[in-house]
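Worksheet: the structure to be examined is printed underneath.
The values are calculated or read from the model by the stated rules, or taken from the named source; none is laboratory data. Everything numeric in this text was worked out from a predicted model, so none of it was measured. Note: ideal-geometry Cβ built from the backbone for every residue, glycine included; neighbour counts use all protein chains shown. Heavy atoms of the whole protein, side chains included, go into the accessibility calculation; ligands, DNA and RNA do not. Shrake-Rupley method; radii C 1.70, N 1.55, O 1.52, S 1.80 Å.
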Amino acid sequence: MPDVSADRQTTASPATARSLGAYTTLRLGGPAGTLTVATEAGQAVAAVRAATAAGEPVFVLAGGSNVVVGDAGFAGTVVLLRTTGMRVVSRDSAGAVVRVAAGEPWDDVVARTVAEGLSGLECLSGIPGSAGATPIQNVGAYGQEVAHTIVAVHAYDRSADEVRAYTPAECGFGYRSSIFKHTDRWVVLEVDFRLAVSGESAPIRYAELARHLGVEVGERVPLQQARDAVLKLRAGKGMVLDAEDRDTWSVGSFFTNPVLSASQWAALRERADPPFWPGEQGAVKVPAAWLIEQAGFGKGYGRDGVAISTKHTLALTNRGGGTTTALLGLAREIRDGVAARFGVELHPEPVLVNCAF
Ligand SMILES: Cc1cc2nc3c(=O)[nH]c(=O)nc-3n(C[C@H](O)[C@H](O)[C@H](O)COP(=O)(O)OP(=O)(O)OC[C@H]3O[C@@H](n4cnc5c(N)ncnc54)[C@H](O)[C@@H]3O)c2cc1C
């Protein structure tokens, strides 16, 4: 994550000259109308309330690792979430509920739970961004997703002008989705995770990770071992932030893996023989990376300062001189190429702010 610690402020400050690219992992995006840094949940709520009252659009920004901000920026109030805090709110022999402030850096949260013998987040090691953003798209990797452990999301609802706790069922978690994505209605303030009190990981579900650990799928390993293995696998794919490595100047995966109905899957099988993961009710998930490569877009493909990562086909990266316009142009070319070759539509995973795909 770009180091924004120098920008921590407690009061609202105009930042018209300040590029939002300073706060995004893509390092792209034009200026904010107003930038307010919130270090307390109450400040975030107050800033959003004030913007609502003034009829100003609001954009909550945390780690900036899942947003594509337009070159024109955002002509409204940007609330930069920098709240901190993490505590155990209940504990019994089987588990503990950990309450985390939205602005806490996610990987610090995972590292702490692993160090304290709390199991359930270890495979989510190395994911950039904040704890409060994890419910937004039900963050997941290597066989775990936060929907497995979240027991409550405490959020400010702009429509009702109230803060309340949302149950997992109310959150509507799906594959890289929830009710909180693609809307400015809620500000997530805190998240409760129920974790097992155990030095062992949850059962390893992801075949590549199990192979790397030398265990069978379904076995458990010591928490730290799971974390180390995930960090190593991720680093090899440019999926751990490294300011020196432009393959990590991305939003992670730019496209979600398409989930095809039985008839769409049958149509694709007439054209190709892709790898797949079986889903529910005949649905099938197909790796977007495979489709992209087979459509002729290899690692490193790009132009105008943007390119597919040299380490991971799903990551579109800013090589240093890119713009959002160029990035979305590349994304469109890939989407259209895959549609022409396979008849499958790719969808972006990040949230697009004042720009279109
Ligand atoms: C190198 C790399 C690897 C990645 N790997 C993964 C991965 O393995 N799995 C995965 O799921 N994702 C991955 N991501 C995507 C990203 O890290 C996650 O989605 C992360 O949770 C985003 O957090 P953030 O704080 O950066 O959110 P931001 O980018 O700041 O915001 C994302 C969206 O959430 C909203 N938002 C953020 N915080 C709040 C809040 N508190 N309340 C209301 N709305 C909020 C924003 O308005 C925006 O719409 C990766 C990204 C990168 C750059």
Report task. Mind listing the long-range amide H neighbours of ALA315? Cut-off is under 5 Å, sequence gap 5 or more, other chains count too, H placed in the peptide plane at 1.01 Å from N. Result -> PHE254, SER309
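Roll a 1.4 angstrom probe over the protein heavy atoms and tell me the percent of accessible area of the chain that is carbon or sulfur. Show your work: numbers first, answer last.
On the way: 7500 of 14920 Å².
C and S fraction of accessible area: 50 percent.
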Requested in this report: Sort largest first and round to whole Å: the equivalent ellipsoid semi-axes of segment 188-232, each the square root of five times a Cα gyration tensor eigenvalue.
Outcome: 23, 12, 10
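Kindly report the accessible area of the chain per residue (heavy atoms of protein chains, probe 1.4 Å, no ligands, DNA or RNA), in Å². Could the numbers behind the result be given before it?
Numbers: 14920 Å² over 357 residues.
Per-residue value: 42 Å².
Which three semi-axes in whole Å describe the equivalent ellipsoid of segment 91-228, each the square root of 5 times a Cα gyration tensor eigenvalue, listed largest first?
Values: eigenvalues 150, 47, 30 Å².
Equivalent-ellipsoid dimensions as semi-axes: 27, 15, 12 Å.
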Report task. Specify which residue in the list SER159, VAL286, LEU35 is farthest towards the positive end of the charge dipole of the chain, using unit charges on the beta carbon of Lys, Arg (+1) and Asp, Glu (-1), about the Cα centre. Result -> VAL286
Query - Euclidean distance between Cα centres, segment 165-201 to segment 109-129, Å - result: 16 Å
Requested in this report: Evaluate the relative contact order of segment 172-324 (contact order divided by residue number), counting alpha-carbon pairs under 8 angstrom at least 6 apart; express in whole percent.
Outcome: 17 percent
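Starting from the Cα gyration tensor of segment 22-135, take the square roots of the eigenvalues, sort them a ≥ b ≥ c, and report rounded, prolate or oblate (rounded when a/c is under 1.5, otherwise prolate if a/b is larger than b/c, else oblate). If you can, show how the numbers build up before the last one.
Working: a/c = 3.57, a/b = 1.78, b/c = 2.01.
Oblate, because a/c is 1.5 or more while a/b does not exceed b/c.
Give the Kirkwood hydrodynamic radius (Å, one decimal) of the chain, defined as one over the mean of 1/r across all pairs of different Cα atoms. Could the numbers behind the result be given before it?
Working: mean 1/r = 0.0474 Å⁻¹.
By the Kirkwood definition, the hydrodynamic radius is 21.1 Å.
Which of the three applies to segment 128-177, rounded, prolate or oblate, going by the alpha-carbon gyration tensor with a ≥ b ≥ c and a/c under 1.5 meaning rounded? List each step's numbers first, then the result.
Values: a/c = 2.34, a/b = 1.84, b/c = 1.28.
Note, shape of segment 128-177 comes out prolate.
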Query raised in the report: For segment 10-169, what proportion of DSSP beta bridges, expressed in % and rounded to the nearest 5, is antiparallel?
Result: 60 percent
Query raised in the report: How big is segment 69-171 in terms of Cα radius of gyration and Dmax, in angstroms?
Result: 15.0, 53
Query raised in the report: Can you give the Rg and Dmax of segment 274-330 based on its C-alpha atoms, in angstrom?
Result: 14.0, 45
Requested in this report: May I ask for the distance between the Cα centers of segment 278-357 and segment 72-88, given as a whole number of Å?
Outcome: 28 Å
Requested in this report: Find the relative contact order for segment 298-355 and round it to a whole percent, using C-alpha pairs within less than 8 Å whose residues are 6+ positions apart.
Outcome: 22 percent
Query raised in the report: Treating the beta-carbon of each Lys and Arg as +1 and of each Asp and Glu as -1, no other charges, what is the dipole magnitude of the chain about its Cα centre, to the nearest 20 debye?
Result: 340 debye
**Report entry** GLU200 long-range amide H proximity, modeled H, under 5 Å
**Finding:** LEU223
Query raised in the report: Karplus couplings for segment 142-149 from phi (6.51 cos²θ - 1.76 cosθ + 1.60, θ = phi - 60°), rounded to Hz, Gly and Pro as x?
Result: 6, x, 10, 9, 5, 4, 5, 10
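For Cα pairs less than 8 Å apart in space and 6+ apart in sequence, what is the mean separation divided by the residue count of segment 225-291, i.e. the relative contact order in percent?
Values: 55 pairs, mean separation 17.4, N = 67.
Relative contact order of segment 225-291: 26 percent.
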Report summary line: Largest fluctuation, TYR23, TYR206, TYR142 only, Gaussian network model of the chain with Cα springs under 10 angstrom, belongs to TYR206
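What is the magnitude of the charge dipole of segment 172-305 about its Cα centre, with +1 placed on the Cβ of each Lys and Arg, -1 on the Cβ of each Asp and Glu, and no other charges, expressed in debye to the nearest 20?
200 debye
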Requested in this report: Decide, for segment 188-276, between rounded, prolate and oblate: order the square roots of the alpha carbon gyration tensor eigenvalues as a ≥ b ≥ c, take rounded if a/c falls under 1.5, and otherwise choose prolate if a/b is larger than b/c, else oblate.
Outcome: prolate
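Using just the helices of the chain, give the 222 nm mean residue ellipticity in deg cm²/dmol: DSSP H runs with n ≥ 4 each add -39,500 (n - 2.57), and the total is spread over all residues, rounded to 500.
On the way: 8 runs with 84 residues, N = 357.
That comes out to -7000 deg cm²/dmol.
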Report summary line: Phi-derived 3J(HN,Hα) across segment 170-178 with the Karplus relation (6.51, -1.76, 1.60, θ = phi - 60°), rounded Hz, x for Gly and Pro, is 5, 6, x, 5, x, 6, 6, 7, 6
**Report entry** ALA72 long-range amide H proximity, modeled H, under 5 Å
**Finding:** GLY30
Report task. May I ask you to list the lysines whose Cα is less than 19 Å away from that of LYS232, ignoring any residue fewer than eight positions away on the same chain? Result -> LYS311
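If you take the Cα Rg of segment 85-145 and divide it by 2.2 N^0.38 Å, with N the number of residues, what do you get? Could the numbers behind the result be given before it?
Details: Rg = 11.2 Å, N = 61, 2.2 N^0.38 = 10.5 Å.
Expressed relative to 2.2 N^0.38 Å, the Cα Rg reads 1.06.
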Query raised in the report: In straight Cα distance, which aspartates and glutamates are under 20 Å from LYS237, not counting same-chain residues fewer than 8 positions off?
Result: ASP107, GLU122, GLU145, GLU208, ASP228, ASP245, ASP247, GLU293, GLU349
